[in-house]
Amino acid sequence: MSDIVLELQNVSRIFGEGDAQVKALDDVSLSIRRGEFVLIVGSSGSGKSTLLNMIGLLDKPTSGKVILDGKETTTLNDGQVSQYRNEKLGFVFQFANLLPDLTVLENVMLPQQIQGSPEDIRQNAIDLLIKVGLEDQINKRSNKISGGQAQRAAIARGLVNRPTIVLADEPTGNLDSVTAGKIVKLAKTMAKELNQTFIIVTHDRHQFPDVDRVITIKDGKAFSGEETTMEITA
Amino acid sequence: MDYRVNLAARMLANKRGSLIGAVLAVSIGILVIHVNFVIFQGIYDAIIRDMTEYRFGDIFVSHEEEATIERSHVVYTNWFERVPLVKSATPRLSGSADIEFRSMGKFNEEFDVPVVGVEPVSDILASKIHTTINEGQYVYARNSIVVGETVAEDLGGVRVGDNLKLIMTNQGGEEVSKRFVVTGISKTAGGQGFDTSVIIHIDSLRSMLDRPDESNSIFVKLNEKNPEAAIDIRKQFLAAYANDDLKAQTIEESAEATLKGFRSGIAMINLIGYFGMGSSAFAIVTIQMMLVNSKTREIGVMRAIGAKRKDILMVFILQGMIIGAIGAGAGTGIGLAYTTYAKETNMQFQGSLALEVNYNWPKIAETALLAFFLAMLAAIYPSYRATKLQPVEAMRNV
């Protein structure tokens, strides 16, 4: 099995037409290895969210290829993309985005239920909730827990399908610094324990002092390293 | 439980206002049909009931061409009474008379009042007109007369025990008169009986009209309501007396002229009810569109974590099914409660005839199922719209 789990080849994303065209991503090429803990940083409007949408198969590039776990994804149809997202990706959003109508446990079970997994879905979810320290919150409605707890549950949901990559979009952006620190620590612990690839998008580099790699997005282009030392092409 | 069912139910439960609104829309559609059915079908059935019990029986025999049957009724009534399903058969003869009445020195006169001649013994068995006597008793002797309440009022307030003079023209063209003692006043709800007639012994009427043994009709009552048996018995009777030029009709046939208009009215009212149910489907479409719009974020998250379009479609169609099931259940429950109330209280409106209320189970089930399927159909468009949300667009709200 290849060590590369994600590869972007000359990916561009253009919004609008004619004079109103905006090039959100400009010929981005990068690759991520299994088990890496990668930080994508960039200022607001730099194109990092667009890049995340490409990696997360939520949007398709105008040109270029997104190869996830060895498979070129830009040619997949909507159903195949959904299935691929479900099997290969785990998402952690800025506001956790648990479904408020479900309990914490039901939220964590959801990706496996969508997959129709034959495993013991409930026990898997409970095990993960124990790992993220939410064993006493499992039957609470997800809108009745704190922001930090919700983000922990979101990490558990992101991990429950044992995805190839966990994508986290500003996972600490909505938390106070103490809670944010705990979430970062948790993500690092889970990544190490499960040999899980994490790609974290953030504008706040300092929340994540200890990462394997940093990719900086600026004006739609990707650079390896931080802004002060960055080299084109990550 | 499938996660889509769970999610659909939870989303609805947490949007109680929308759920209640949609359920009410379905319930009210069903309730309108139930109320329509109880009232209008109830009136229709009540009219058939009263016509069966007072005027036509289950089988009504008359002459094909002539106004009267000349052959003695005994031949026919005996034939009918040998049939085990027949309760009784009785002859009737009708005519019209001018009626004179003096009360406390005041002379009252009514012209061309319908007169019904009955044979009291068999009539009491066959018809229920005797039960409409709300004062006094039924015809029991040749000089006794039962006066319909309207006639009694028109004559200035006839009471039991009063003396009336009937003046008729017999078939020879001669004017004949006879005095009668009022034994009863007849009143029926809605005037479906003989409120505008008088009832006398058939032999008295035959004698006055100079029509010995003649009758206009034979009123046949079965032991229980059985339209198929009525048709069979009618056929056998007509075959037995094929040369007598008789006409034998079931209640539906004999009352056809009266009921035809009602049937169109009921069809129209039912159409309005179904239109109301259709309108409730539009309400569901609107409410579900609001639900979809309020759940954009959740749809985006679900799509992001791998839900396919068909999963999203299923969640919202399931919501339509839940709304349909609860609405159909509630509407049917309330409708049945109303039907039971109407039946138990012999519902009537301002003294009109009491509704004949029946539980029409096939129609009740059909209405509930129709409402359920309408709610499900109404959910299709909002569900389809939900599936059209691209995750990246939905996620912009995230």
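The values are calculated or read from the model by the stated rules, or taken from the named source; none is laboratory data. Source: prediction; values computed, not measured. Methodologically, a virtual Cβ is constructed for each residue, glycine included, from the backbone with ideal geometry; neighbour enumeration extends over all protein chains shown.
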Look through the stretch B:123-140, keep the residues that are over 27 Å from the mean Cα position of the chain (by Cα) and under 21 Å from B:LYS87 (Cβ atoms), and return whichever of them is surrounded by the most Cβ atoms within 10 Å (Cβ to Cβ).
B:VAL139
All conditions in (1) over 30 Å from B:ALA375 (Cβ atoms); (2) crowded, with 23+ Cβ neighbours inside 10 Å are true of B:GLU70 except (2)
Note: among A:ILE138, A:ILE130, just one is farther than 19 Å from A:TYR84 by Cα, part of a loop (DSSP other than H, G, I, E, B) and either within 12 Å of chain B (Cβ to nearest Cβ) or aliphatic (A, V, I, L, M) (or both), namely A:ILE138
Per the list (1) part of a helix (DSSP H, G or I); (2) touching a Lys or Arg at 6+ places or on another chain (Cβ under 9 Å); (3) touching a residue at least 12 places away in the same chain (Cβ under 8 Å); (4) surrounded by 19 or more Cβ atoms within 10 Å (Cβ to Cβ), residue check on A:LYS182 breaks on (4)
What is the number of the single condition among (1) surrounded by fewer than 17 Cβ atoms within 10 Å (Cβ to Cβ); (2) farther than 30 Å from A:ASN53 by Cα that B:LEU374 does not meet?
(1)
Do we have B:VAL26 as surrounded by fewer than 23 Cβ atoms within 10 Å (Cβ to Cβ), aliphatic (A, V, I, L, M) and either touching a Ser or Thr at 6+ places or on another chain (Cβ under 9 Å) or modelled with pLDDT under 90 (or both) here?
no
Could you tell me whether the stretch A:103-122 includes any residue that is surrounded by fewer than 17 Cβ atoms within 10 Å (Cβ to Cβ), within 14 Å of chain B (Cβ to nearest Cβ) and assigned to a helix (DSSP H, G or I)?
yes
Residues that are part of a helix (DSSP H, G or I) and within 14 Å of chain A (Cβ to nearest Cβ): does the stretch B:270-291 have at least one?
yes
With criteria (1) at pLDDT below 90; (2) crowded, with 17+ Cβ neighbours inside 10 Å; (3) not hydroxyl-bearing (Ser, Thr, Tyr), A:ASP219 comes up short on (2)
Being outside any loop (DSSP other than H, G, I, E, B), at the interface with another protein chain (Cβ under 10 Å from one of its Cβ atoms) and modelled with pLDDT under 95, is that true of even one residue in the stretch A:62-79?
yes
Is the stretch B:16-27 home to any residue that is within 14 Å of chain A (Cβ to nearest Cβ) and out of contact with any helix residue (DSSP H, G or I) (no Cβ under 9 Å at 6 or more places or on another chain)?
yes
Could you say whether any residue in the stretch B:333-345 is more than 13 Å from chain A (Cβ to nearest Cβ), closer than 30 Å to A:LEU110 by Cβ and surrounded by fewer than 19 Cβ atoms within 10 Å (Cβ to Cβ)?
no
Strands (runs of 3 or more DSSP E) lying entirely in the stretch B:54-136 (those with 2 or more residues that are out of contact with any helix residue (DSSP H, G or I) (no Cβ under 7 Å at 6 or more places or on another chain) and of a type outside the set (Ser, Thr, Tyr))
B:86-103, B:106-118, B:133-136
May I ask you to list the residues in the stretch B:362-371 that are over 9 Å from B:ALA325 (Cα atoms) and surrounded by 21 or more Cβ atoms within 10 Å (Cβ to Cβ)?
B:THR367
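Residue by residue, here is whether (1) part of a helix (DSSP H, G or I); (2) at pLDDT below 95 holds:
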| site | (1), (2) |
| --- | --- |
| B:ILE323 | yes, yes |
| B:GLY333 | yes, no |
| B:TYR341 | yes, yes |
| B:GLN348 | no, yes |
| B:GLU356 | no, yes |
Quick count over the stretch B:304-318, residues being in contact (Cβ under 8 Å) with a residue 60 or more places away in the chain and facing chain A (nearest Cβ under 7 Å), is 3
Considering the stretch A:86-101, residues that are without any contact (Cβ under 8 Å) to a residue 60 or more places away in the chain and facing chain B (nearest Cβ under 7 Å), and then whichever is nearest to B:ASN14 (Cα to Cα), we arrive at A:ASP101
Assuming B:ILE20 fulfils every condition listed in (1) within 38 Å of the chain's Cα centre (by Cα); (2) of a type outside the set (Gly, Ala, Ser); (3) at pLDDT below 90 apart from one, which condition is it?
(3)
A:LEU52 vs (1) touching an Asp or Glu at 6+ places or on another chain (Cβ under 6 Å); (2) surrounded by fewer than 22 Cβ atoms within 10 Å (Cβ to Cβ): all pass except (2)
Pick from the stretch A:40-57 the residues that are under 21 Å from A:ILE4 (Cβ atoms) and in a loop (DSSP other than H, G, I, E, B): which of them is nearest to the chain's Cα centre (by Cα)?
A:GLY56
Would a scan of the stretch B:15-22 turn up a residue that is more than 15 Å from B:THR258 (Cβ to Cβ), out of contact with any strand residue (DSSP E or B) (no Cβ under 9 Å at 6 or more places or on another chain) and not in a helix (DSSP H, G or I)?
yes
